[in-house]
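Here's the structure we're looking at; comments come further down.
The values are calculated or read from the model by the stated rules, or taken from the named source; none is laboratory data. The model shown is predicted, which means the values in this text are computed figures rather than measured ones. Positions of Cβ are backbone-derived with ideal geometry, glycine not excepted, and every protein chain shown enters the neighbour counts.
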């Protein structure tokens, strides 16, 4: 077979990653605080942009109404950035500078469809150096220091695999005061999240093992206990000493010596040991400015019994194109270079406004569908968390999974049960044995724990028996899966539980 050069004509479709499309996608993955920083930089560099101070009339964003049985995402959400790009369609026909800035014929225009349907696994280089894949560095937009919340969430994501427990852990993290102690009662947390007090206490026990030592204590005494336990110094004498903090304040060494059954020198040594502990674990992060969580979406009950989901206007940067300045400059330009500069800045400003609008609309659409899917959780609590994966949401709203993934990262929703990151509502699932809806793996773990906690000492439930009971509840699960879930909750086998309960009965 001879090898020779030849010409071929092939027809195919491909997505051209224009700089504008890259900009829209990259803005989508920024948090609202990072977006504000980015917009501030653009305002400083682009004279065609101006901050919307609220003097310009705008059309309010209508919220999405989530009914009890259905969800309707409002398709008229077109006023996020306080301007409609269609209003500027005639500019391209009137100004020669604007005509110079039009995209070439081999570039794909930025549309809602191209934004929502593309996978965008790899960034294109594009013609604008500001948005080339090598120049954009997300790490440059945030502080390199780690706040206490970020430090704790990093550990929670590694140490707690159960999304239900993780939801509880995130909520407890947000209740910490300046010293690193819980500011809300456990009973109130359980009522707010719709779970048992035992579930909250079990999660709290895991959180108290995180760094820094002493974090998540309910009072100063518990803060000391956590640190002494880690040092293996929480013996009966030390425990008794902690029970009599008032006597420690009075320096009543004689009475403390009698209560702890040690001499007074030992009491002084123990007090010195306590004094050396960290009384305010959160203070170690004082040098880091902890940025408050500003929810991107607000959810509230409607009078009709459903939910109203709307964007948080305070979290949206509002920018406009400075039309007066643009008109003045356009009339004053003389050279081709000047016209090109004005056209580039005008186009950059136009696409930024459009990108911010598209970002807000996409967030609202995804959040509305999440609220619809997790309606049972918001109404009844964490044990009703529905199994969800990115594809479930992507298919419903006709977007790509990667777009949904970007929307749910670093985006928060305010709900009647607290503020949560959108990504925490995605869990694994277990099929139903009766052909019904799938069950969340976390809900199954919760059900296993309830069954074991309620078992009598004379009738310990084996893993096979648990499988049988779960099948009766409509949960199709294998024995090895039950054993895996049981072990993940640190629950002993039926043999060990039987021995433990017999031993406890004899005592």
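Regarding residue 215, is this residue in the same structural domain as residue 272 (by TED's automatic domain parsing), under 22 Å from the mean Cα position of the chain (by Cα), surrounded by 13 or more Cβ atoms within 10 Å (Cβ to Cβ) and not in a helix (DSSP H, G or I)? Considered against the rule, which asks whether it is in the same structural domain as residue 272 (by TED's automatic domain parsing), under 22 Å from the mean Cα position of the chain (by Cα), surrounded by 13 or more Cβ atoms within 10 Å (Cβ to Cβ) and not in a helix (DSSP H, G or I), residue 215 comes out as yes.
Of 475, 491, all but one fail to be under 30 Å from the mean Cα position of the chain (by Cα), surrounded by 15 or more Cβ atoms within 10 Å (Cβ to Cβ) and within 25 Å of residue 159 (Cβ to Cβ); the exception is 491. Scoring residue 195 on the criteria (1) touching a residue at least 12 places away in the same chain (Cβ under 8 Å); (2) loosely packed, with under 15 Cβ neighbours inside 10 Å leaves a single failure, condition (2).
Taken together, the criteria place residue 469 among residues that are more than 20 Å from residue 160 (Cβ to Cβ), within 36 Å of the chain's Cα centre (by Cα) and without any contact (Cβ under 8 Å) to a residue 40 or more places away in the chain. From the list 453, 463, 459, 473, the lone residue that is touching a helix residue (DSSP H, G or I) at 6+ places or on another chain (Cβ under 6 Å) and modelled with pLDDT of 80 or more is 463. On the stretch given as segment 357-384, residues that are over 17 Å from residue 412 (Cα atoms) and touching a helix residue (DSSP H, G or I) at 6+ places or on another chain (Cβ under 7 Å) total 6. The residues on offer are 237, 202, 254, and the sole one that is part of a helix (DSSP H, G or I), outside the structural domain of residue 376 (by TED's automatic domain parsing) and within 30 Å of residue 384 (Cα to Cα) is 202. What residue, among those in segment 28-62 that are in a loop (DSSP other than H, G, I, E, B) and within 25 Å of residue 400 (Cβ to Cβ), is modelled with the lowest pLDDT? Selected residue: 61. Residue 267 satisfies every condition listed in (1) modelled with pLDDT of 85 or more; (2) under 37 Å from the mean Cα position of the chain (by Cα); (3) farther than 30 Å from residue 152 by Cβ except (2). For segment 398-416, the tally of residues that are touching a helix residue (DSSP H, G or I) at 6+ places or on another chain (Cβ under 9 Å) and surrounded by fewer than 19 Cβ atoms within 10 Å (Cβ to Cβ) stands at 8. Per this entry, residue 477 is counted among residues that are in a loop (DSSP other than H, G, I, E, B) and within 25 Å of residue 392 (Cβ to Cβ).
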